[in-house]
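Coordinate-derived values only; no laboratory data. It should be emphasised that the depicted structure is a prediction, and the values quoted were computed from it without experimental measurement.
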């Protein structure tokens, strides 16, 4: 079994509920979306990656770090079950970062510890319909907020339509902002104004450079 891989590295998790956690990162090549604010456009095309076997991937991670994040691109475009099985043999906690447009099967759900799901708002350039109300398989939902005044109501609508627990919703500012700390404050102020129970978190790598 081989995978198209963009990069493998070890760093500190920069976002989501696992923020601040040391983690291996396996970034798979290929994505079926083209989000306007994407910060990993270099992973969009499958053949920009390198084809590696599972053992080649394992040889490049730090097995003493007990979390591995499988990301992309869109990692669920490739069958990551065999890779996840090998990582579990190494007692790895597995985090999968996905757009939520591809539902994992039951076997993968049993292998993965954390599904970090990032549904796309219209600020990504899409008008997508999601259905999580019948199967809420996400560990948490992470939204990129460009304009809090218009984006937060869109998140509220998503949460209501999909019957999502507010405590599973994370908001983070647009990483393209040069005044990132101000963007974070604006987002926090807006969450308080709307009176919602969503969590506001930064992308840690926007504040500190660590890799």
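Pick from 145, 19, 102: which residue has the top mean-square fluctuation in a GNM of the chain where Cα pairs under 10 Å get a spring?
Maximum fluctuation in the GNM of the chain, among the listed residues, is at 102.
Pick from 62, 162, 105 the residue whose mean-square fluctuation is largest in a GNM of the chain, springs joining Cα atoms under 10 Å.
Answer for the Gaussian network model of the chain: 105.
As an exercise, find the ratio Rg/Rh for the stretch 2-207 from alpha-carbon atoms, using the Kirkwood inverse-distance average for Rh.
Working: Rg = 16.8 Å, Rh = 17.5 Å.
We get a ratio of 0.96 for the stretch 2-207.
Of 41, 89, 50, which has the largest mean-square fluctuation in a 10 Å C-alpha GNM of the chain?
89
Hey, how many Å between the Cα centroid of the stretch 170-186 and the Cα centroid of the stretch 55-80?
Result: 28 Å between the Cα centres.
Output the antiparallel fraction of DSSP beta bridges having both residues in the chain, as a percent to the nearest 5. Before the final figure, lay out each step's value.
On the way: 11 of 32 bridges.
Within the chain, antiparallel bridges account for around 35 percent of the total.
Angle check, please: helix 148-162 long axis (alpha carbons) against the longest principal axis of the chain (alpha carbons), in degrees 0 to 90, nearest 10.
70
Using only the alpha-carbon atoms, how far is helix 180-194 inclined from the longest principal axis of the chain? Give it as 0 to 90 degrees, nearest 10.
The angle comes out near 60 degrees.
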